[in-house]
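Input: a single structure, listed below in structure tokens.
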Amino acid sequence: MAATKAKKAAPVKAEADAANDDSARRTQSDRRAESTQKILDCAEANFAKLGFYGVTLNDIAQQCGMPTALIRYYYDDKQALLNEVFRRRASVINEERVRALEEYKLAAKGKMTIEGLLDAYLNPVFNTMVAEEGWRMFGALVAQVGILPAWGGPEEFNRDTFDPVIKIFLQLLRELAVGVSDEDLFWYYHLVSGSLLVSLSQTGQIDRISKGLCASTDLQSAGKHISMVFAAGFHALPRAKKPRKKTTPTSN
């Protein structure tokens, strides 16, 4: 009888040990995820407020309540940490923008407008940036990195992170801009991008100049006005004149 009980107990103990091991692995994985999430949140807020060169890994560690060595364990240096801060949210927002552009082109059925294209390109950015404070901080960080050359990071990082959605936008813009030179089209994109970055920076300048009538944190209004202004600007771009058809003179 005792031997039978022992045989039955052995599989039960093995299952319990396996469950404990699995629980320990999940706990370790959860702890790692919580730590990296906290590090990235702290780094994002510090980079957005103080700039890349205005904050150290020690500052971030102190705010997180973690040893600096732990941050260095996950991220080799400050540049690697910044890159990961970007990858975490950039992949999300870029997927939204690509989907919005592709869905707009499909829905337009060959009848795209500049107003619709600008909305598809800009709205995912501004709508997402107002979702929570973390996204707002990320928007301010994107503005700093986009405006300051020293913050640009490795060329391959910019190419892999931002260029795909920009190329889709430019391709659709090219379809609309019949007769517009490539030079004018690239400058048009450059100015749209500049307005986007200035708005994401949320400096408070427009609050002061407008005496409170406008708020730099009102990103959805910023997006609406960028679309309105640049739609009008698009229609004003010079177009090459189509050559006149030659007519055959008739004799009397």
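The values are calculated or read from the model by the stated rules, or taken from the named source; none is laboratory data. Model, not experiment: these values are computed from the prediction. A quick note on method: Cβ atoms are made from the backbone with ideal geometry, for glycine too, and the neighbour counts reach across all protein chains shown.
Observations on the structure shown:
- Check on Val180, in contact with a Leu (Cβ under 9 Å, 6 or more places away or on another chain) and not in a helix (DSSP H, G or I): yes
- Output for the range 195-219, where each listed residue is modelled with pLDDT under 95, part of a helix (DSSP H, G or I) and loosely packed, with under 14 Cβ neighbours inside 10 Å: Gln205
- Selection from the range 171-194 of residues that are more than 14 Å from Leu237 (Cβ to Cβ) and surrounded by 16 or more Cβ atoms within 10 Å (Cβ to Cβ): Leu172
- In the range 127-139, the residues that are aliphatic (A, V, I, L, M) and crowded, with 19+ Cβ neighbours inside 10 Å: Met129, Met137
- Any chance Gln202 is closer than 17 Å to Trp135 by Cα and polar (S, T, N, Q): yes
- Looking only at the range 112-144, and only at residues there that are at pLDDT 85 or above and part of a loop (DSSP other than H, G, I, E, B), the one that is nearest to Ala222 (Cα to Cα): Thr113
- Test: Glu95 is modelled with pLDDT of 90 or more, acidic (Asp, Glu) and either in a helix (DSSP H, G or I) or surrounded by 13 or more Cβ atoms within 10 Å (Cβ to Cβ) (or both): yes
- Of all residues in the range 33-89, those satisfying the criterion of being touching a residue at least 24 places away in the same chain (Cβ under 8 Å) and over 30 Å from Pro124 (Cα atoms) are Leu57, Cys64, Met66, Leu70, Ile71, Tyr74.
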